[in-house]
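The structure appears right after this line, and notes come after that.
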Amino acid sequence: MRPISALALTFSLVALPALAQDARQIERMIEGRHGLMTLMAHELGKLGGMAKEETPYDAEVAGKAASNLSALASVISPELFPKSSAVGEAEDSEALPAIWEKPDDFAQKISGMEEAAAKMQAAAGTDLASLQGAMRDLGAACGSCHETYRQKD
């Protein structure tokens, strides 16, 4: 084997474990963000049912759901969206490439969602009208990010 070919083969074999580790790390990040979004959807379901008056308003349940939601929202960060985790690059990803094209806007949308979740936490256990007002703001914050940075189903 020629020295250059042997050297190239050696470097490619050394790089394989690192590539596999990077792929597993990206997979874990996707699993993490999916888990967070699933938990958020669960809590939003409770709040949304009350806001739409499909279920009776319960201040205690609303307050707890909003507290959970706010805690979950505080964990979401751009770090859960590493490069190479976009639709078509990683399995089970709905993240659009715009995330990495507009990182400042993406981070701002995450901050907006955190703020809306904190407002929901303050309002949800107060009364139905307060919950409904906070739900509009929270829905707008979530929707603005999903419209721009998530592949539509």
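Listing for the model above:
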item	result
Ala118 vs. criteria farther than 24 Å from Gln25 by Cβ and either touching a helix residue (DSSP H, G or I) at 6+ places or on another chain (Cβ under 9 Å) or part of a helix (DSSP H, G or I) (or both)	yes
In segment 32-45, residue most open to solvent (accessible area, probe 1.4 Å) [restricted to those that are touching a residue at least 40 places away in the same chain (Cβ under 8 Å) and either touching a Lys or Arg at 6+ places or on another chain (Cβ under 9 Å) or closer than 22 Å to Val87 by Cα (or both)]	His34
Restricting segment 140-153 to residues that are of a type in the set (Gly, Ala, Ser) and under 14 Å from the mean Cα position of the chain (by Cα), the residue that is most open to solvent (accessible area, probe 1.4 Å)	Ser144
Residue within segment 103-115 that is open to solvent by 50 Å² or more (accessible area, probe 1.4 Å), polar (S, T, N, Q) and either closer than 23 Å to Gly49 by Cα or part of a helix (DSSP H, G or I) (or both) present	yes
In segment 46-67, the residues that are open to solvent by less than 50 Å² (accessible area, probe 1.4 Å) and within 23 Å of the chain's Cα centre (by Cα)	Leu47, Gly48, Gly49, Ala51, Ala62, Gly63, Ala65, Ala66, Ser67
Check on Ile30, modelled with pLDDT of 95 or more and assigned to a helix (DSSP H, G or I)	no
Considering residues of segment 75-91 that are assigned to a loop (DSSP other than H, G, I, E, B) and aliphatic (A, V, I, L, M) only, the residue farthest from the chain's Cα centre (by Cα)	Ala86
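The values are calculated or read from the model by the stated rules, or taken from the named source; none is laboratory data. On a predicted model such as this, the values are computed, not experimentally measured, just so you know. Here Cβ is always computed from backbone atoms with ideal geometry, including for glycine, and neighbour counts include all displayed protein chains. Only protein heavy atoms, including side chains, enter the accessible area calculation; ligands, DNA and RNA are left aside. Shrake-Rupley method; radii C 1.70, N 1.55, O 1.52, S 1.80 Å.
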